[in-house]
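Comments concern the structure below.
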Amino acid sequence: MDIEESMQCFLGGLVIRSLSISTSNWRCAETLGDYLVERNIMGIYDVDTRATTRRLRQDGSLIDVLSTEESKTDEELLELSRSWDIIGVDLISGVSCKTPYEWTDNTKSQWDFNANGRDGNTFHVVAYDFGIKHNILRRLASYDCKITVVPSTWPASETLKIKANGVLFSNGPGDPSAVPYAVETVKEILGKLPVFGICMGHQLLGQALGGKTFKMKFGHHGGNHPVRNLRSGHVEISAQNHNYAVDPASLPEGVEVTHVNLNDGSCAGLAYPAQNIMSLQYHPEASPGPHDSDNAFQEFIELMKRAKENT
């Protein structure tokens with residue numbers, strides 16, 4: 001499907017309040033039920049999701065269990081939920097590609113809302129796949145980047161051999177503290193090439209710079225999150241999907257907080273000009289209606305351009 005954002009659907013399950021039996025999107029090719037069955041993903045509907053939301057609002061994020069095993073008692077299902085925790089679990093290795101590959105697809109013309117201003121420069125970017133969204137790659141390609149996508153465990157030494165112009169550390173699921181190998185990779189690259197971190201990549205950069213990350217009570221999920229760009233003063237309407245955040249008080253001198261989430265004041269972006277580093281906690285490629293954050297890709301291009309000129 002041309003609207004999917006990864007090489008496969010990594011959902012553990014889907015919970016719905018009211019399942020529509022009709023479809024209206026002109027790109028629809030199959031029913032939701034058929035889509036889930038084909039990918040062996042469980043789904044459940046007629047759930048009081050408002051009651052669930054009220055519970056989460058009070059208690060924070062909780063572990064849920066879906067099962068097709070009718071023989072399990074309620075207590076056994078509860079025990080399953082108690083035996084698993086997102087904290088300390090490496091989730092990115094299960095969603096990363098296994099071997100490097102070249103990405104060549106641009107954003108389709110009808111969706112390329114910022115095609116003006118390309119200056120003809122081509123930059124080679126190595127993109128670490130921690131669960132990367134295809135639209136990140138499409139946007140980079142539309143800014144005339146050549147892109148090599150590499151697995152989450154790809155050694156920094158191999159990346160540096162490629163002699164790329166910059167490195168992107170992608171989004172991905174789970175706890176950044178559970179993937180110390182990725183943090184070490186980031187550390188080895190910092191200062192050698194310009195880098196751009198998105199979501200998980202932002203958190204890994206925070207740790208690699210000496211900062212700390214923490215699990216949020218609620219996390220940020222969905223669209224319409226207001227973020228203030230502290231450099232320009234502008235407010236961006238963003239799409240977000242993360243349960244962890246960087247603690248700005250733990251960052252060393254010279255690291256600048258560039259964006260702040262206006263709902264709770266959490267860190268939404270970082271920069272370290274001395275080492276050509278930039279990052280965002282949210283998704284500039286998501287385009288949930290407004291395209292407020294797409295200029296971050298242009299900023300990355302400018303970062304690589306300056307680094308190249310100063311070499």
(message) Given the options 153, 185, name the one that is modelled with pLDDT of 95 or more and surrounded by fewer than 22 Cβ atoms within 10 Å (Cβ to Cβ).
(response) 153
(message) Criterion first (in contact with a strand residue (DSSP E or B) (Cβ under 8 Å, 6 or more places away or on another chain), within 30 Å of residue 146 (Cβ to Cβ) and modelled with pLDDT of 95 or more) does residue 211 satisfy it?
(response) no
(request) Look at residue 196 and say whether it is in contact with a helix residue (DSSP H, G or I) (Cβ under 9 Å, 6 or more places away or on another chain), of a type in the set (A, V, I, L, M, F, W, C) and surrounded by fewer than 18 Cβ atoms within 10 Å (Cβ to Cβ). (result) no
(message) Checking the structure you have, find out if any residue of region 209-230 is buried (at least 18 other Cβ atoms within 10 Å of the Cβ), within 16 Å of the chain's Cα centre (by Cα) and of a type in the set (S, T, N, Q).
(response) yes
(message) Among the listed residues 287, 279, 238, 293, identify the single one that is open to solvent by less than 20 Å² (accessible area, probe 1.4 Å), among the small types (Gly, Ala, Ser) and part of a loop (DSSP other than H, G, I, E, B).
(response) 293
(message) Considering only residues that are small (Gly, Ala, Ser) and touching a Gly at 6+ places or on another chain (Cβ under 6 Å), which ones fall in region 245-273?
(response) 250
(message) Among the residues of region 125-176, what is the count of those that are part of a helix (DSSP H, G or I) and of a type outside the set (Asp, Glu)?
(response) 16
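The values are calculated or read from the model by the stated rules, or taken from the named source; none is laboratory data. These figures come from a predicted structure and were not determined experimentally. Cβ atoms come from the backbone with ideal geometry, glycine included; neighbour counts cover every protein chain shown. Ligands, DNA and RNA are excluded from the accessible area calculation, which covers all protein heavy atoms including side chains. Shrake-Rupley method; radii C 1.70, N 1.55, O 1.52, S 1.80 Å.
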